[in-house]
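What follows is a short report on a single structure.
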Amino acid sequence: MARKCAVTGKGPMSGNNVSHANNKTKRRFLPNLRTVRITLPDGTRKKIKVAASTLRTMKKKS
C-alpha cells in the first residue's frame, strides 16, 4: 500500500532542503500516517492507513 491516507488521499509532497549557504536539494514531506482498525458494516474488521490530522478531524466531528 502506498504512503497515502485511505480517507482523504493525502500523499507525499516535495520541496527543498535549504542549507545555511542556500544550497537546495530535493526532499519529501511524508504524511503522518497511522494504522487504525475499522469495523465494516458486515461486522468484519480491517486495517487502513489514515493521516493523524484526519483522525483528529474525525474525533472532532463525532
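The values are calculated or read from the model by the stated rules, or taken from the named source; none is laboratory data. Small disclaimer: the values here were computed from a predicted structure and weren't measured. No Cβ is skipped: glycine too gets one built from the backbone with ideal geometry, and neighbour counts run over all protein chains shown. Please note that ligands, DNA and RNA were not included when accessible areas were found on the heavy atoms of the full protein model with its side chains. Shrake-Rupley method; radii C 1.70, N 1.55, O 1.52, S 1.80 Å.
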**Prompt:** Out of all the residues in the stretch 16-31, which are touching a strand residue (DSSP E or B) at 6+ places or on another chain (Cβ under 6 Å) and open to solvent by less than 100 Å² (accessible area, probe 1.4 Å)?
**Reply:** Asn16, Asn17, Val18, Thr25, Arg27, Phe29, Pro31
**Selection from the stretch 1-36 of residues that are in a loop (DSSP other than H, G, I, E, B) and without any contact (Cβ under 8 Å) to a residue 12 or more places away in the chain** = Ala2, Gly9, Ser19, His20, Ala21, Asn22, Asn23
**Asked** Can we say Arg34 is open to solvent by 90 Å² or more (accessible area, probe 1.4 Å) and in contact with a helix residue (DSSP H, G or I) (Cβ under 6 Å, 6 or more places away or on another chain)?
**Response** yes
**Prompt:** Which one is nearest to Ala6 (Cα to Cα), of the residues in the stretch 37-57 that are in contact (Cβ under 8 Å) with a residue 12 or more places away in the chain and out of contact with any Leu (no Cβ under 8 Å at 6 or more places or on another chain)?
**Reply:** Ile48
**Prompt:** In this structure, is Lys46 exposed (fewer than 10 other Cβ atoms within 10 Å of the Cβ) and either aromatic (Phe, Trp, Tyr) or at pLDDT 95 or above (or both)?
**Reply:** no
**Asked** Across the stretch 37-50, what is the number of residues that are in a loop (DSSP other than H, G, I, E, B) and at negative phi?
**Response** 4
**Asked** From the list Thr25, Thr8, Thr39, Thr44, which residue is within 14 Å of the chain's Cα centre (by Cα) and of a type in the set (Val, Ile, Thr)?
**Response** Thr8
